[in-house]
1. Want the number for Ala298 to Lys70: 0.36 nm per residue separation, take away the alpha-carbon distance, what's left?
2. Of Tyr85, Tyr71, Tyr96, Tyr231, which has the most accessible area with a 1.4 Å probe, and how do the rest follow in descending order?
3. Quote to one decimal, in nm, the extra length available between Arg14 and Lys212 on full extension: 0.36 nm per residue of separation minus the C-alpha distance between them.
4. Can you give the FRET efficiency to the nearest 0.05 for Glu39 and Asp205, using r as the Cβ-Cβ distance and R₀ = 22 Å?
5. Inverting the mean 1/r over all pairs of different Cα atoms, compute the Kirkwood radius of the range 74-131 and quote it in Å.
6. Testing the spin-label approximation: label points 7 Å from Cα along Cα→Cβ at Ala77 and Asp89. State their distance in nm.
7. Cross-link list Lys281/Lys305; Lys70/Lys214; Lys276/Lys299; Lys70/Lys239: which exceed 25 angstrom alpha carbon to alpha carbon?
8. Between Leu131 and Ile287, what is the label-point separation in nm under the 7 Å Cα-to-beta-carbon projection?
Amino acid sequence: DELNAVKNFSDPLRLDQASRFCFHLNRIPRLTQRLQCHEIAFSWHNTMATASMQLGILQSACDELHQAHKYMETVFAMILALGNYLNADSKWGKAYGFQLDTVQKLGAMKATKATQGSLLHVLTTLICENLPELLPLSQSWVAITAAAEFSLQQLLADVAQLDQQVTKLNNEFVRIKEGRENEGLDGVVETSKGPTTHPLQKRLDQFLRYAKPKMAHVRAISKSAEVNVAYIMGLFGEKLSLNSGEEGDSCRAFFGVVASFFRSLRVAADENSKRKKLQEKAVREAIDAKAKAERVEAKKRQQGKATDSPASSAPGTPQKQQAQSNNVPKENIFVSFHSTQEASTDAVVADFLNKKHSSVAMRTLSSAYGVVDKKKMLSTSLSRRDYSKVYSNASSASDLKDYSSPSTPRGGRLG
């Protein structure tokens with residue numbers, strides 16, 4: 001209303017400063033279009049840079065998933081085999097496939113023991129055994145995670161808006177260049193002084209020289225990205241949908257599921273590794289404890305033997321003496337017995353000869369064996385049987401006294 005009131009004012013000098021500004025601003029032809037051109041020229045570069053970056057990320061994500069597809073076929077076959085095995089006795093067994101979002105439920109199926117993890121940990125173990133290069137390779141697939149952060153639908157809308165802005169600035173540039181910048185303003189058509197005299201025309205010319213080829217390149221990339229995403233999603237059994245309904249952008253959901261699945265696999269692999277180290281540590285500790293217990297038991301047995309050894313040599317322990325005698329080889333028993341008997345027999349003979357009635361013993365022995373000389377008798381080796389003959393007739397000192405008495409006949413026979 002104020003602009004319309006100032007528009008028909010004849011003397012602007014009578015207006016204050018603010019009203020005078022509105023008066024002169026209202027006399028600029030196509031003011032709204034010119035302001036829009038300046039706004040687009042200032043913001044277009046940042047928007048184009050963001051769109052180009054997102055398109056590059058999307059293209060890299062498609063390349064990474066195309067590289068991972070040969071591994072993912074094996075992984076999905078493992079998941080299908082595990083599911084059919086668990087559901088073998090139900091109507092869900094013998095399935096031919098599954099939806100992609102099923103991989104998000106693997107971690108929710110826990111084992112009966114908390115230490116065994118979940119079905120995801122079992123799958124990770126199978127992957128590490130059969131595809132050991134998959135998990136390290138997935139760490140380099142950063143574009144898949146980044147592609148889940150934005151919407152392809154919004155990205156294509158931004159590219160289309162950038163294209164419309166370039167078209168709008170190009171139309172304004174052509175209008176100024178042809179001298180039709182005041183066309184449609186109160187039905188008056190004024191010609192410009194020349195194509196190089198208008199300041200906006202120069203600004204638009206510089207902008208369009210850069211924006212047109214850039215826009216053509218981005219437009220081609222966006223179409224290629226859309227085709228590649230649809231192809232990659234088709235490999236995984238998904239369909240690209242850019243509707244803004246309840247399903248939303250299927251591209252964003254697809255990359256989100258895949259990125260979350262790879263991240264869950266890496267986390268499960270780390271947990272399996274930690275669990276394996278703890279189990280190995282527990283086994284080592286059990287082995288060390290068993291070895292220590294065996295050493296302690298062996299030491300106790302040795303100490304028990306050392307304690308029992310003095311008692312075994314003391315008299316009155318027939319069982320231990322018998323056990324020790326059993327340890328002597330059989331061939332040494334008779335040799336030891338014979339030497340012992342000879343030593344004891346010689347001692348008995350020597351003692352017998354030194355007794356008081358040695359003369360009677362000499363006569364008795366001489367009559368029995370014909371031995372007269374005492375020295376010769378001592379040097380003679382008598383057997384146990386010979387001495388038994390002597391002791392059978394003279395077993396005591398009283399018997400010897402009877403032999404020496406006058407009433408006893410001499411030369412009596414012993415034995």
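1. Values: separation 228, 0.36 × 228 = 82.08 nm, distance 5.95 nm.
Result for the pair: 76.1 nm of gain on full extension.
2. Working: Tyr85 175, Tyr71 35, Tyr96 220, Tyr231 125 Å².
The ordering from most to least exposed comes out as Tyr96, Tyr85, Tyr231, Tyr71.
3. Working: separation 198, 0.36 × 198 = 71.28 nm, distance 4.73 nm.
Between Arg14 and Lys212, full extension yields an extra 66.5 nm.
4. Values: r = 18 Å, r/R0 = 0.81.
The pair Glu39/Asp205 has a calculated efficiency of 0.80.
5. On the way: mean 1/r = 0.0832 Å⁻¹.
That comes to 12.0 Å for the range 74-131.
6. Between Ala77 and Asp89, the simple spin-label model gives 2.9 nm.
7. Working: Lys281/Lys305 36 Å; Lys70/Lys214 35 Å; Lys276/Lys299 35 Å; Lys70/Lys239 19 Å.
Checking Cα-Cα distances, Lys281/Lys305; Lys70/Lys214; Lys276/Lys299 exceed 25 Å.
8. Here the modelled spin labels are 3.4 nm apart.
The values are calculated or read from the model by the stated rules, or taken from the named source; none is laboratory data. This structure is a prediction, so every number in the text was calculated from the model and none was measured. Cβ: placed from backbone, ideal geometry, glycine included. Neighbour counts: every protein chain shown. For the accessible areas, the whole protein counts, side chains as well, though only heavy atoms, and no ligand, DNA or RNA atoms are used. Shrake-Rupley method; radii C 1.70, N 1.55, O 1.52, S 1.80 Å.
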